[in-house]
Amino acid sequence: MRFVETIKNIWTIEELRKRLIVTFMLVLVYRLGCYIVLPGISPSDLDALSNFTNKSGLMQLLDMFSGGAFSQASIFALGIMPYITASIVIQLLGMVLPSFQKMQREGESGRQKLNQYTRYLTVLILLLQGPAYLVNLQVQVSSAGGHASMGFWTVVYLTIILAAGSMFIMWLGERITDRGIGNGISFIILVGIIARLPQAIWYEFYSRLPGSQGSEGGLVMFIVEFILLFAVTVGAVLLVQGTRKVPVQYAKRIVGNKQYGGARQYIPLKVNAAGVMPIIFAQAIMFIPITLAGFGAREGSSGFFNTFSDINGFWYNFVYFIMIVAFTYFYTAITVRPTQMADEMKRNNGFIPGVKPGKKTAEYLDTIMSRITLPGSIFLGIVAILPAFARLFGISQNFAQFFGGTSLLILVGVVLDTLQQVETHLMMHHYDGLMKDGRIKGRTTGSAY
């Protein structure tokens, strides 16, 4: 009953109601666009691409990030990943180029310039990925007996359509951020993942029925899988919400006798301050080899391409794990600035008991962040490669993606962020929130898009 009452409260707040409606309408536009096939492509010839996608694990990841648009040869086939790749490059440039560092320090004006550069780079990446996708589409359809002849000018105008589709998705994400529930790009990815979940559950259930191929364990195994999925989800929530509190003594003047008293407060430092962004960054980088290879494996191909297109292979998961750990430290260094925190504490007459203000405080905070980021990054990497272990134990390719990895952490992170946004609106209007204590913790970072 309390949940029903909360839903009524949400609908009562006019601003929140409008934001939810806008978000729903924009998501509906995105989902409809995922089923609009590219001009000149026969829907009956798409079974070849769909079959190839189901056989290739990495293709399934690409299809998941695009909400199924990849296998549908949709105008949204390239999805939002080119924009995320461009964002990674721009943030890396901000670490090494003084001109980009200056723009990062310029506040809103600098942020707008960096966003503009990100868009330009996104277009460039799309112009490279578009022809690669179309070449793969032609090969897969032709090998299945279909007809998908693409001349030079056909590739040109279809590439323009694909690029425009991805830029339109980016625009939808920005509108969700500005006028909807917030975190638009992350929400777009979330919708694409959720769209694949019902089909994955049904396929796993069907495969466990007696007489089906891969039915070892039957429905009992299916129930065990859901219990394990619940346990992994709880672990992911703890990872996203985990904090370490550093005590800070804020000097507070007492007006009556003009003496100073101490009021102890805490700095909550997150175990995983980077949220799900390291996984998204690492996944975008892992997509680069398959993009350069034209998205599809060729008969008899070997070496580097086969190694980094096999998501069950040792080297793919090892490199993926290392990249997640590295990106966790990288993104934490960008978002958590101990020097800035120490300066703000000093200006507010605050200090950490037993640590001198200023440089010593910054060094202390940096040490604490390094210590708690290491286990957080390792746990994040383990959760990311859990789907590979799930597949080793006979769980289907589609359903195994939700046993950790990008799918689970994005689901957990974005859902917590969304609930926190709704909770904030409810508390502002003095309504009971979605949780009893009214303290839903979303990611304090990771909403850079």
TODO: Hey, could you check segment 162-202 for residues that are surrounded by fewer than 16 Cβ atoms within 10 Å (Cβ to Cβ) and over 24 Å from M277 (Cβ atoms) and say which is modelled with the highest pLDDT?
DONE: A164
Open item on the list: Any residue that is modelled with pLDDT of 85 or more and surrounded by 14 or more Cβ atoms within 10 Å (Cβ to Cβ) - is there at least one of those in segment 130-141?
Closed with: yes
TODO: State yes or no: is N257 out of contact with any strand residue (DSSP E or B) (no Cβ under 6 Å at 6 or more places or on another chain) and modelled with pLDDT under 75?
DONE: yes
Open item on the list: For segment 359-377, check the following and say yes or no: at least one residue is in a helix (DSSP H, G or I), within 30 Å of L219 (Cα to Cα) and either in contact with a Ser or Thr (Cβ under 8 Å, 6 or more places away or on another chain) or of a type in the set (A, V, I, L, M, F, W, C) (or both).
Closed with: no
Task: Flag for A362 being small (G, A, S), open to solvent by 10 Å² or more (accessible area, probe 1.4 Å) and more than 22 Å from T233 (Cα to Cα) - done: yes
Task: Whichever residue in segment 315-359 is modelled with pLDDT under 80 and β-branched (V, I, T) and, among such residues, is surrounded by the most Cβ atoms within 10 Å (Cβ to Cβ) - done: V336
Task: Scope segment 391-405; condition assigned to a helix (DSSP H, G or I), in contact (Cβ under 8 Å) with a residue 60 or more places away in the chain and surrounded by 15 or more Cβ atoms within 10 Å (Cβ to Cβ); matching residues - done: R391, Q397, N398, F399, G405
Open item on the list: Can you name every one of the helices (runs of 4 or more DSSP H) wholly within segment 23-119 that holds 2 or more residues which are open to solvent by 70 Å² or more (accessible area, probe 1.4 Å) and modelled with pLDDT under 80?
Closed with: 47-55, 81-96
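The values are calculated or read from the model by the stated rules, or taken from the named source; none is laboratory data. Here the structure is a predicted model, which is why all the values come from computation and not from measurement. When we count neighbours, we look across all protein chains shown, and the Cβ atoms used for this are built from the backbone with ideal geometry, even at glycine. Keep in mind that these areas ignore ligands, DNA and RNA; they rest on the heavy atoms of the full protein, side chains included. Shrake-Rupley method; radii C 1.70, N 1.55, O 1.52, S 1.80 Å.
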